[in-house]
Amino acid sequence: PANLLLTKNLKHCKLADVGVSRMGGDRGLDMTFVGTGIYMAPEMVSLHYDHKIDVFAFGISLYEMLRGSHIDYLGKEGKPYILIKCGPNERPSLANYEKKFRDIITNCWEYDPKKRWNFKDVVNALKK
């Protein structure tokens, strides 16, 4: 997404424009429909979500980085990608990617947020 910035030497990625972010706390993150279509977790449509939406977005971003290009934002009839392509078993093929990255991406873009990894899991997997 446009808010991921690379340093000149391409060794570090930084997150920018976190103006809509909020602290989780006890009240959770149920808010409004925000974000860029293809990076939105399926549960965002219901407006009841938590920090796992960021894990989902990370999985999509990692997939795009390994792929070397963006996923098309709009799908059929101009509807946002997430609304038409994010059924429980509908994901692009990861067959050509290293197993480590297949596992990370698959667990990040898990349809069910209860089964989706958290960032601690992602960090641990990246360290291996």
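The values are calculated or read from the model by the stated rules, or taken from the named source; none is laboratory data. From a predicted model like this one, the values you see are computed outputs, not experimental measurements. When we count neighbours, we look across all protein chains shown, and the Cβ atoms used for this are built from the backbone with ideal geometry, even at glycine. Note: accessible area is taken over every heavy atom of the protein model, side chains too, but ligands, DNA and RNA are not part of it. Shrake-Rupley method; radii C 1.70, N 1.55, O 1.52, S 1.80 Å.
Go through the residues of segment 107-121 one by one and say whether even a single one is closer than 22 Å to LEU6 by Cα and modelled with pLDDT under 90. Taking every residue of segment 107-121 in turn, none turns out to be closer than 22 Å to LEU6 by Cα and modelled with pLDDT under 90. Among residues of segment 105-119 that are more than 12 Å from ILE53 (Cα to Cα), those with a beta-carbon under 8 Å from a residue that is in a loop (DSSP other than H, G, I, E, B) and of a type in the set (A, V, I, L, M) at least six positions away or on a different chain give the pairs ILE105/LEU94; THR106/LEU94. Being open to solvent by 50 Å² or more (accessible area, probe 1.4 Å), assigned to a helix (DSSP H, G or I), over 24 Å from ASP50 (Cα atoms) and at pLDDT 70 or above, is that true of even one residue in segment 68-89? The answer is no, given that none of the residues of segment 68-89 is open to solvent by 50 Å² or more (accessible area, probe 1.4 Å), assigned to a helix (DSSP H, G or I), over 24 Å from ASP50 (Cα atoms) and at pLDDT 70 or above.
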